[in-house]
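Undergrad: Here you go, one structure.
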Amino acid sequence: MCSSDLLKESKLGFATPTLFLARRTSATGNNLKLYARQTDAAAAQAYMTAASILSSQMTDWFGGKPKTDLSVLDPAEPEDAPFEERALLVTHIANVDPKKLLAPMSNVLTHAYFQSPRPWLEEGVAQFMGSVWLEHQDGRDAAITDMDNQRGALSLAETADPDQDPGQPLIAAHDPVFYRTKALYVFWMLRGIVGDKPLAAALKQYDAAQDTLPDYFERLLEQASGQKLDWFFNDWVNRDRGLPDLSIENITPSRGSGENSYIVAVTVSNSGTAVADVPVTITSADATVTERMRIAPKSRATRRFLVHGRPSAAQVNDGTTPETEASVHRKEITYTAPG
């Protein structure tokens, strides 16, 4: 073999691959390269259609042009378990309804549009896109429930005492439960803190070649949102501070100055070891008010809400911030004042 026959060195991904030889029929289109068995060649159209449906989501979050094509390869045997690594999906290519492919493909297609040398960004953004599609398809509650199904494993893996055990900072994580599951939660939390547009702007501006410093993405997001985010990245990305553990400590409702208005003071405690910035929702007979509340670790905070109509319940966290135990806290409000 002469030197011109040698392939250029290239990083395959974050996991050790399984190698096999395969004879496949190729098909290309809609930023896909499909390699199917001859008997499955007609099924390629289902994947093309799914990729076309997902293109609007990819464009909204990453811009119009993908960095590369997504390769979809039939495995050694049709019954082999699916596997994905960066912009490669190894799965049995079957002639199915394209709608059934949307959820899994929204994750792997992301790797064609967004690439990073950092596992927590490369895999976390892909997990986030899959979750965003699930929200679009089945509703926000379905997406949050799917995340909560993964939270238990994250809670078990997290350090219980970050002062003694440094755990796995997301910026250097090597365990998928961190660079996939925890990173998924991090993007949901950032979405709640800064909003969709600034987060999408930072993802569009991201350049893997420029990501040479740990705070590169943090600075992009701060610029896009106009917010300082070091308080968040310090606990959730640059260090592993474990998880928060919230509880509703006290709710004090009182009559407001306006007609049928009420002021509700909510005190939330955080016995965990990481900062939490969560939505707090007050429900009344006439309205629902939601505002974000930041609670430092080993601390408590109080916020007052002005709501129209007699308050009936308070909810702290909506499941988008992972906690050591339950990630949604709801308490009925008992109003005892006259009137």
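Undergrad: Arranged from highest to lowest average of other beta-carbon atoms within 10 Å per residue, in what order do the peptides 169-181, 202-214 appear? Write out the running numbers ahead of the final one.
TA: On the way: 169-181: 18.8, 202-214: 13.9.
Descending packing order for the listed peptides: 169-181, 202-214.
Undergrad: Ignoring ligands, DNA and RNA, please state the percent of accessible area on region 222-326 from carbon and sulfur, probe 1.4 Å. Numbers along the way, then the final one.
TA: Working: 1930 of 4410 Å².
Of the solvent-accessible surface of region 222-326, carbon and sulfur hold 44 percent.
Undergrad: State in Å² the accessible area per residue of region 90-137; use a 1.4 Å probe, count heavy atoms of protein chains only, and round to the nearest integer. Please report the intermediate quantities before stating the final value.
TA: Details: 1500 Å² over 48 residues.
Value for region 90-137: 31 Å² per residue.
Undergrad: Now, a different point. Quick one: ranking 330, 118 by accessible area, 1.4 Å probe, largest first, what do you get? Provide the component values of the computation, followed by the final result.
TA: Numbers: 330 140, 118 40 Å².
The ordering from most to least exposed comes out as 330, 118.
Undergrad: Which FRET efficiency value, to the nearest 0.05, is calculated for residue 223 and residue 65 with the Förster distance at 30 angstrom and r the Cβ-Cβ distance? Could you put the intermediate results ahead of the total?
TA: Working: r = 22 Å, r/R0 = 0.73.
Once rounded, the FRET efficiency stands at 0.85.
Undergrad: Turning to a different aspect of this structure: Got the relative contact order for region 181-305 handy, in percent, Cα pairs under 8 Å and 6 or more residues apart?
TA: Details: 175 pairs, mean separation 22.8, N = 125.
Worked out over region 181-305, it gives 18 percent.
Undergrad: Hey, what's region 194-283 come to in accessible area per residue, 1.4 Å probe, Å²?
TA: On the way: 3630 Å² over 90 residues.
Here the residues of region 194-283 average 40 Å² of exposed surface.
Undergrad: Place the peptides 321-329, 138-146 in order of packing, highest mean first, counting for every residue the other Cβ atoms within 10 Å and averaging per peptide.
TA: Working: 321-329: 20.0, 138-146: 14.4.
The packing order, highest mean first, is 321-329, 138-146.
Undergrad: Moving to a separate point now. Per-residue HN-Hα couplings for region 193-205, Karplus 6.51 cos²θ - 1.76 cosθ + 1.60 at θ = phi - 60°, whole Hz, x for Gly and Pro?
TA: For region 193-205, the Karplus-derived couplings read 7, 9, x, 5, 4, x, 5, 5, 4, 5, 5, 5, 7 Hz, x marking Gly and Pro.
The values are calculated or read from the model by the stated rules, or taken from the named source; none is laboratory data. The shown structure was predicted, so the numbers you read here are calculated from the model rather than taken from an experiment. Positions of Cβ are backbone-derived with ideal geometry, glycine not excepted, and every protein chain shown enters the neighbour counts. We work out accessible area using only protein heavy atoms, side chains counted, and drop any ligands, DNA or RNA first. Shrake-Rupley method; radii C 1.70, N 1.55, O 1.52, S 1.80 Å.
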